[in-house]
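Asker: Have a look at this one.
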Amino acid sequence: MNKKGLAILMRTKMRPLSPASHSKLNQMQASQPEGDKDSFQDASVLPQREFSHVRESMHSAMSTNKTEIVDVSLDDFSEGYFFLSPENRYKILLSLAKEYDLNRTQVCELMKQHLDLQLPSDKAEDSGHEEEGSLSAFYRIERNLRRALKPMYEVLFERLNTHPGGLKFLSDIRADILCLLEDVNVASLRALDSHLKEKLITWLSPANLELHNITWDDPASLLEKVVAYEAVHPISNLIDLKRRLGIGRRCFGYFHPAIPGEPLIFIEVALMKDVAATIQEVLWDYPPISEHEASCAIFYSISSTQPGLSGVNLGKFLIKRVVDVVKKDMPNICVFATLSPIPGYKQWLSSKLVSSEMSGSAFKENLLRPEEEKALMDASGGSDLGSSGIEVMWNLLTSKNHEWTNSPNLVSVLRTPMMRLCARYLMKEKKRGKALDSVANFHLQNGAMIGRLNWMADRSKKGLAQSGGIMVNYIYRLDNIEDSAQAYLNEGHIESSSDLRSYIEDDNGVRAD
């Protein structure tokens, strides 16, 4: 093993970072980067920073205009924040949200002044001095109103953004805010999050980001982060990592100059002859085909490294940039598609099965067609799996170790209802007019079409737990991306292939509304 491989192995132990816990308050430090976590652990042997000192530093960073004092205050605040207990971080963030919000008394007074002015005529600029003076009063009050509508914490955000390490710190702060908002419902905290998110969207526009093709020749510290942050298909060992960065594969990341050496988001691409139907053929295709024989670029994993950038859609811009780069470098690639998980399907289906089984006959939803019901009952062989097809299906899908996957007969009889209901889930089940499934919503708003459902495409524990092993191809048709995106965003219209639509057409046994 070479030195680079050894370094990656030792530093990551080939395990991805554990996702942040959902019991938020006492787990807020999970959003920190590796180095900061180490520092946090050292806090047990160092005097803990006083809450009042961190708060004073935060106040000073906003209230003074002397550059040298601002720089010191920003350093003290960003360093001291990570030494605070989770409870004191909550207090700091709540203080920031409430005490440094905009001055609503001043806003109301300025609005009253604005309403009291007599509206100038449409030709005021060409009229006399009196009308010109009235127009100037409007401009003055509106200018003051814009300033008053700017909360004081915006000054802190803007100063941190231009401070060394400040952009990463802002992302970490927002990760903590998002954690807190899952446990508490505080309007001022939601407003703080919304304001910071808008700032991050502006600062992380594509014009400020750099696209980099990540290869085995990159520093071990960067490859370590790829291993650590891979969120879709964990990298199991060094051979796996080298394969994903080798022939027939690409890995692209978006980087920001203020956060060097760490991708904000990265995407893994497989160059193949045909659109992949299983994740196994993507991850274990060895030796890969010659790249000049490839006609398809398959996006099989996209991972964000910063929890605090949730809702900042960097993936949309990354996919479009990668398509442009691959098209330019490899004209033989003519199909761009994904092989994607369906993370919400199993949970949705389980709730439907339970609801159907418990409902009275008058309200019962016929999830299964008669032939599917019969096939499930025959396959159960009169065992204790249940007295109805719904009950059999529930017991099979909730089995602890997915034992049903070891039976070709059960795999066969489950395929038809599982695929049909999955098509319904992706095409018909919506939340606020958009696709209920988070991955589907992401690709559809980027302009993709739902292509093909793939049975038993991911036999891993995660894949079976999320979707019963089903994966889906989203197709990016380059001549139709913008139209599809607009139709989805404006009307909730979902583009899909004829194969997918065939699953739910004339489906009298299932209510798809």
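The values are calculated or read from the model by the stated rules, or taken from the named source; none is laboratory data. The shown structure was predicted, so the numbers you read here are calculated from the model rather than taken from an experiment. Protein only, heavy atoms only, side chains kept; ligands, DNA and RNA dropped before computing areas. Shrake-Rupley method; radii C 1.70, N 1.55, O 1.52, S 1.80 Å.
Asker: Based on the alpha carbons, how large is the Rg to Rh ratio for the stretch 322-457 when Rh follows Kirkwood?
Answerer: Working: Rg = 18.3 Å, Rh = 17.1 Å.
Taking Rg over the Kirkwood Rh, I get 1.07.
Asker: What does the convex hull of the Cα atoms come to per residue for the stretch 255-412, in Å³?
Answerer: Working: hull volume 32.0 nm³, N = 158.
Roughly 203 Å³ of hull volume per residue.
Asker: Let me ask you something else. Please tell me the relative contact order of the stretch 411-513 in percent, rounded to the nearest whole number, where contacts are Cα pairs under 8 Å and at least six residues apart. Please list the in-between numbers first.
Answerer: Values: 137 pairs, mean separation 33.5, N = 103.
Reported as a whole number, the value is 32 percent.
Asker: Right, here's the next one. I'm a student and want to see the number: the projected area of the Cα convex hull of the stretch 215-331, averaged over all directions, in nm². Before the final figure, lay out each step's value.
Answerer: Working: hull surface 30.0 nm².
Seen from a random direction, the Cα hull of the stretch 215-331 projects 7.5 nm² on average.
Asker: Within the P(r) computed for the stretch 281-367, what percentage of the Cα pairs occupies the region above 19 Å? Write out the running numbers ahead of the final one.
Answerer: Working: 2364 of 3741 pairs.
That fraction is 63 percent.
Asker: Need one value: the accessible area of Asp183 in square angstrom, 1.4 angstrom probe, rounded to the nearest 10.
Answerer: Its heavy atoms expose roughly 90 Å² to the probe.
Asker: Going by accessible area, probe 1.4 Å, with all protein chains left in place, what is the ranking of Tyr286, Tyr153, Tyr139, largest first?
Answerer: Largest accessible area first, the residues go Tyr286, Tyr139, Tyr153.
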